[in-house]
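S.K.: Handing you a structure now.
The values are calculated or read from the model by the stated rules, or taken from the named source; none is laboratory data. Since we're looking at a predicted model, the values are computed, not measured. As a convention, Cβ positions derive from the backbone with ideal geometry for all residues, glycine included, and neighbour counts pool all protein chains shown. Each accessible area value is taken on the protein alone, full model and side chains, heavy atoms only, with ligands, DNA and RNA left out. Shrake-Rupley method; radii C 1.70, N 1.55, O 1.52, S 1.80 Å.
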Amino acid sequence: MGKRMPPFKSIEAFVVAARALSFTEAASALHLTVPAVSRRIKSLETELGVPLFHRNHRALQLTQAGESYLSHLAPAIETIRHASDRIRGHAHGHALKVSLPASLAANWLVPRLRSFHAAHHGIQVELQSMNGCADLDASKADLAIWPGTGDWPGLRAQRLLDMDAYPVCGADFLSAGASHRSLTDLLECPLLGIAGQEDFWPEWLRAAGVRGPARVQQVFDNFHLLYRAAASGLGVALGVDAIVAPYLEASQLVRPFDVSIRLAKGYYVVCRSSDWTQRPIGAFREWLMTQAGGSKAEPNRSAIVT
């Protein structure tokens, strides 16, 4: 008879911490204290006889043994989770939980949801604001639409929407400006930014051939506040086409320059690899790609990122 299996609670703590590379985030996801998570993982390391993490001062890294252990455990944990969800939820009807930025939900997804419900009567969709949390386990979401480059370890991602961006501002701000004749004039304008995407303006200006530092004077934590600030005359924001379109259609914002540049980042459909084709997740994912036109898919981003 083989040796007994390590306690499942220790294994679960390791998998969650290894995915997040953070004991703090693991503690939040598991509703434990950080010391409790640390003790469970230390107990697991003692039982296995090898360290699973390199514990640096401000960073957590997996050892070679830890990476190998995670690659074997993660699929098993997902199998257990998926089987439990089937037993727990399907008997009473399971709502598909989707995590995404509130601005993308309000301005792009919600106006399209009616067509999904018309085609899939038995699937309920529950939208959750991601609030900066790119963690499916912590959010308890089945599927997510996240901004980024498509690299989320252990998850499968497919590019849904490109980020085509262009400067936008209020009509009054534009008319009051002494000079908005060339893109170089942007360097003299108060630029408005979005939290967590500090590279947007520098990337856009470089691609547009504008040389000089970007003067981002105010940063907002969501696109709705950003575009309201721009509409109020506080400065020039970078409009992401999928989100800013309603503000332009309502004449709350205008485009001072007819220049649009595609940013490196995009919006990706993200889910656990074991759920990629499972209904209702697969059905919703395929519907999303249809809504986006299907041309945004990148086959190399549809592989599992490890």
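S.K.: By how many nm would the segment from GLU126 to HIS54 lengthen if fully extended, with 0.36 nm per residue of separation less the alpha-carbon distance?
M.R.: 22.1 nm
S.K.: For the stretch 88-235, with every protein chain kept in place, what is the accessible area per residue (1.4 Å probe, Å²)?
M.R.: That works out to 48 Å² for each residue.
S.K.: For ARG211 paired with VAL259, estimate the spin-label separation in nm (one decimal), with each label point 7 Å from Cα along the Cα-to-Cβ line.
M.R.: In this crude spin-label approximation the distance works out to 1.4 nm.
S.K.: What's the carbon and sulfur percent of the stretch 142-187's accessible surface, probe 1.4 angstrom, rounded to a whole number?
M.R.: It is 51 percent, rounded to a whole number.
S.K.: Run the numbers for GLU249 and HIS31: contour at 0.36 nm per residue of separation, minus the present Cα-Cα distance, in nm.
M.R.: So the chain would gain 74.1 nm between GLU249 and HIS31.
S.K.: I want to check the label-to-label distance for LEU225 and ALA134. Put each point 7 Å from Cα in the C-beta direction and report it in nm to one decimal.
M.R.: Using points 7 Å along Cα→Cβ, the separation is 2.0 nm.
S.K.: Next question. Using only the Cα atoms of the stretch 240-291, build the gyration tensor, take square roots of its eigenvalues as a ≥ b ≥ c, and label the shape rounded, prolate or oblate: rounded if a/c is under 1.5, else prolate if a/b is larger than b/c, else oblate.
M.R.: Verdict is prolate for the stretch 240-291.
S.K.: Compute the Kirkwood hydrodynamic radius of the chain, taking the inverse of the mean of 1/r over all pairs of distinct Cα atoms, and give it in Å to one decimal.
M.R.: It works out to 21.7 Å.
S.K.: Using per-residue counts of other Cβ atoms within 10 Å, averaged over each peptide, order 283-293, 163-173, 203-213, 117-127 from highest down.
M.R.: Packing order, densest peptide first, comes out as 163-173, 283-293, 203-213, 117-127.
S.K.: Under the rule of at least 5 residues apart or a separate chain, name every residue whose amide H is placed under 5 Å from the amide H of LEU96.
M.R.: GLN124, VAL125, GLU126
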